[in-house]
């Protein structure tokens, strides 16, 4: 079913990870998806990763949608403004905005107090995680709110409930990820008069390209990583949160979630979609009830 046929989406930060998974699933639902990021086949960002926006756009088209790659640094207002002007000229509308810009794992110094953490790296992390989202919303939302039922999704790590109770092992990382939940709530107040919806969304323990490399596995044999980290069995593919986004975008009653903090596992229970392996991992419940509680790894009842 092409439930999003005719819809125009922008996945800001769609080079890899959750952004790529989201873009693919929006394409699978029939959407036209603009994929932005800094890394192209001709140029890499400071992140220095091999994945490119062109690859993501091609995967969108292969899935059944239309992928359009546009190199954009979302910290440069002029580039974001030009991006939105191009979308308006080419499509005349914007229905779905996914703010997934990040690319800052390499800047975090884990288990290091703020007075010892590199200030330069920490502030750069906040710019990548927060400023980029605000700049993108500033330019994109005037186009999105022209039509009813527009959807803004702020991607983060951790639900509001989890982040409120758990320190995210770095002051700067903690601020970056908790801020996005509040940002989505604030956006919800601003777009509600236009009958649009804003939510925060988090994947669970996601098997991004970086995570798979860390455990020295591929998506095809990811379960082998459980030999090193048994709790990795609760992990999910980037397509899982992508299906959550596609489900939200196709829901005519999506405004019921306005301002809320949501997770892929939670929405799988609401909409009935599964991960690529047919399971429904519920990572955040697992983290609290099993992993953080110090219990042995056991995903029975959690996927």
Quiz item: residue 149 versus residue 62, label points 7 Å from Cα toward the beta carbon: distance in nm?
Solution: 3.1
Exercise. Sort the following peptides by mean Cβ neighbour count (other Cβ atoms within 10 Å, averaged over residues), highest first: 186-193, 259-266, 150-157.
Key: 150-157, 259-266, 186-193
Self-check item: Pairwise FRET efficiency - residue 166 versus residue 210, Cβ, R0 = 22 Å, nearest 0.05
Solution: 0.55
Quiz item: To the nearest 10 degrees, how steeply does helix 77-91 sit against the main Cα axis of the chain, on a 0 to 90 scale?
Solution: 60
Quiz item: If each of residue 297 and residue 76 carries a label point 7 Å out from its Cα toward its Cβ, how far apart are those two points in nm?
Solution: 4.3
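How much mean residue ellipticity at 222 nm does the chain get from its helices, if each DSSP H run of length 4 or more adds -39500 (n - 2.57) and you divide by all residues, to the nearest 500 deg cm²/dmol? Mind showing how you got there, number by number?
On the way: 11 runs with 117 residues, N = 303.
Rounded to the nearest 500, it is -11500 deg cm²/dmol.
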Practice problem: Compute the long axis of helix 238-250 from its Cα atoms, compare it with the longest principal axis of the Cα atoms of the chain, and write down the angle in degrees, 0 to 90, nearest 10. | Solution: 40
Quiz item: Sorted from fewest to most neighbouring beta carbons within 10 Å, what does the list 68, 101, 130 look like?
Solution: 130, 68, 101
Quiz item: Relative to the longest principal axis of the chain, what angle (0 to 90°, nearest 10) does the C-alpha long axis of helix 17-28 take?
Solution: 50
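A short reminder: the numbers here are calculations on the coordinates, not readings from a lab. From a predicted model like this one, the values you see are computed outputs, not experimental measurements. Neighbour counts are summed over all protein chains in view; Cβ atoms, including those assigned to glycine, are modelled from backbone coordinates with ideal geometry.
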